[in-house]
Amino acid sequence: MEEDDPLDMIELELDPPPLPSSAASGPTTSVISVSSTSPQPSTNRTESNHQFASATNSKASSVRTTRSTTPSSLQASAIPTVPTRSKISRNSPLRSIESVVQSNGIDKPFTTCYVYDERMLMHKEMDRFSDDHPEAPARISATFEKLKAEGLIARMKKIPVKEVGWEEVSLVHTRKLWEEVEGFAQFTEDDVFRTLDLYKAVSLYVVPETSLCARISCGGVIETALTVMDPMNSVRNAFAVVRPPGHHSEPQTPSGFCFFNNVAVAARVVQEKYGKIRTVIIDWDVHHGNGTQRAFYTDDSILYVSLHRYDNGSFYPGSPEGGMEWCGEGKGEGLNVNIPWNGIMGDSDYVIAFERVVMPILREFVPEIIFVSAGFDAARGDPLGGFDVTPAGYASILSLLCTLANGKVVVALEGGYNPPTVAECAAACTQTLLGDPPPMLSKLQPSISAEQTLYEVAKVQSKYWRLLVPGHKPPKDSFEGMTGSISELPEIISSHRREWLSEKYGMVPLPLSQTQLAKVYDGLVHTTMNVFRSIDTLVLFVHDIGNLSVEDSGPMGNVELPSSYLIDCSNEIINWSLDQSALGLGQGGECGVIDISLPLQYPISLKYGLAYSSPKVAKQSYKSLLQHVWDHVVEIGQAKNVVMIGHGVGCTALTSLISSSAVESRTKAVVQVYGMNEVLKIVDDPQKKTWYAESSYRLAPQSHPFFELTRKAANRIGKVNRSDESEPVMVLHRALGEIRSFVGERLHPSQSRDGYT
Ligand SMILES: [Zn+2]
């Protein structure tokens, strides 16, 4: 049982919580009595409201049949006339605190409530098949035991669970989904076995008890939310210790251990009762809450914010919908915020994400209630998440949320698969809800990858939120009639580059015969005049357009010109490519260079202003360009050897060329110097892989997410050297010596041993 032994109980009879404002009555009295009788009759309303409601009921009216939709302030009968009871164990350290408070004659009404119901332990994968499913009952039982052991349960009001009914579920889900989940109750063991693979395919397991547990889990979150909203109740926030979780469950499809979307349904039930109040759902589960996003994607009253591991779309649930460019649609445009992490994140990254992106948005949205889809699978030690957030980290971000919405915060458990960790994180969050200060964090040191993601998210979202930095610049077509006076920065940089390459190296722009490519890359591909002659070595150098560092001059978004500059490492590469001795060519050797600048440093998908609609489109476009240059210049030319050098996004482009074309016979060396962009593996062809392993030298900044990958994942990609530099822009510069040695060795093995390196 979750309650303490009634014989070991001091029962405090408290008066009703004081009425708000002027309605509060005079001094109240309290009675302390020692109870040695049997437990109080349970107030748990286990009414079976899971019978299908009459199909003729409208959504709104049928909700009224299970939960009143009128604010209780308007209902005389809702004003509490029965004293609220609080049971505190004799052993509880709180007993003395409460006693002092009592003797001072001051009431201390509950400010935090919780739900927990042991029946939710019954949803359990059948032992016959496996007994180690991560979505295990211990997740909530360990959590409840921890809260009790820490004396936190005693400080919270227990809310009786009421199972959710179809009327409420229908606010988010289809009838088909409801019937499917209800149908599990009739499952025989054979049914369970027969449908095992079917449900496994969508990351679910089902047993006959699943239906009941899903109803309790969802109903539990609803009850806590209604308690938090109730103006006659002293409770201002809540922790729902529930399972199965909910945030992957889409309106029509359950998946990812989730059946009913608990938080989504609760948010809608609250809106049914209190009107379309501004509602925020913060989803810090390590997985993207695809279900919640789908449910409210076009809604103008519910702001969904998700922080999740993304790994460029490969992390579960593995759909592009977790990308930052998914901002909502129609009336909901601007009310969907995805913070998709690439790489391993910890406390610093989450706290900075809240301070730079989440909180500014929330302050502008001004929520009236905040739900937290609180998965603890981004916690240190979670077997599925692989992240590094500590209980103190969770408490810190929750404490920020508690400063908003009049403190109305409903925290509902989602994922989290290491029960002791879930329990610790839940305890830290509960303490925060109770008003205890969050534990101190060490000095914040966000990763470069996190800062990059936050910067990009802010850029995307600043179109909708004025408080975000960097601010959104109006698209250039908003300057009516001035088209002729506007030059885009990439154009300015590429014309500077054209002039420079021509003056210094005699290089010329390579005309692109394919119209589509010419449109995007005109003036960005340069070549020395000798590429079609029988030269010794041709260097194919693919890089981003340079690193433009600009300083804002103020809130209007203009640039502080004297403090802004362009770092273009490509010059150094071209310099030594054209230096015969550097390449070990000796007297009379001749070298040519094809230089390709790709127009974006970080190909992110913005809805405005940039050439690409998504990273996928950008990759495809780079691939077409490289393929074109290879087929029409390198293949036709007579260079004996080819050296490929990629820098930044150039690495992505070269990797796709290597994967799709037979480049091996002439290409003697491949050098890839990554920025913070993704390190890709080449195509699964054993021969090509062997050649690539021997012929390539790859280098990434110290802070690159690649170095956080598991050994298995890293092995699939192959060897990447770790630079001492953490600033991506410095990596190439620092590595010039190594690159030169490597290329020299590959081109002329014997000479390099004689000291060419
Ligand atoms: Zn999760």
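The values are calculated or read from the model by the stated rules, or taken from the named source; none is laboratory data. Remember, predicted model here, so these are calculated numbers, not experimental data. FYI the Cβ positions are ideal-geometry reconstructions off the backbone, even for glycines, and counts take in every protein chain you see. For the accessible areas, the whole protein counts, side chains as well, though only heavy atoms, and no ligand, DNA or RNA atoms are used. Shrake-Rupley method; radii C 1.70, N 1.55, O 1.52, S 1.80 Å.
Observations on the structure shown:
- Whichever residue in the stretch 416-444 is among the aliphatic types (A, V, I, L, M) and within 16 Å of the ligand (Cβ to nearest atom) and, among such residues, is farthest from residue 240 (Cα to Cα): 422
- Unmet criterion (only one of (1) out of contact with any Phe, Trp or Tyr (no Cβ under 7 Å at 6 or more places or on another chain); (2) open to solvent by less than 10 Å² (accessible area, probe 1.4 Å); (3) more than 16 Å from the ligand (Cβ to nearest atom); (4) more than 20 Å from residue 251 (Cα to Cα)) for residue 339: (3)
- Residues (under 31 Å from the mean Cα position of the chain (by Cα) and either among the polar types (S, T, N, Q) or open to solvent by 40 Å² or more (accessible area, probe 1.4 Å) (or both)) located in the stretch 149-165: 150
- The set of residues in the stretch 288-330 being of a type in the set (A, V, I, L, M) and assigned to a helix (DSSP H, G or I) consists of 295 alone.
- Residues of the stretch 247-265 that turn out to be in a loop (DSSP other than H, G, I, E, B), of a type in the set (A, V, I, L, M, F, W, C) and within 13 Å of the ligand (Cβ to nearest atom), as a count: 1
- Selected residue (criterion: nearest to the ligand (Cβ to nearest atom)) from residues of the stretch 361-376 that are among the aliphatic types (A, V, I, L, M) and closer than 27 Å to residue 117 by Cα: 374
- Residue count for the stretch 377-415, restricted to those that are farther than 20 Å from residue 303 by Cα, of a type in the set (D, E, K, R) and away from the ligand (no atom under 14 Å from the Cβ): 2.
- Any chance residue 612 is assigned to a loop (DSSP other than H, G, I, E, B) and either surrounded by fewer than 17 Cβ atoms within 10 Å (Cβ to Cβ) or modelled with pLDDT of 80 or more (or both): no
- The number of residues in the stretch 426-462 that are in a loop (DSSP other than H, G, I, E, B) and not basic (Lys, Arg) comes to 14.
- Selection status of residue 456, at pLDDT 95 or above, outside the structural domain of residue 709 (by TED's automatic domain parsing) and either more than 22 Å from residue 678 (Cα to Cα) or open to solvent by 10 Å² or more (accessible area, probe 1.4 Å) (or both): no
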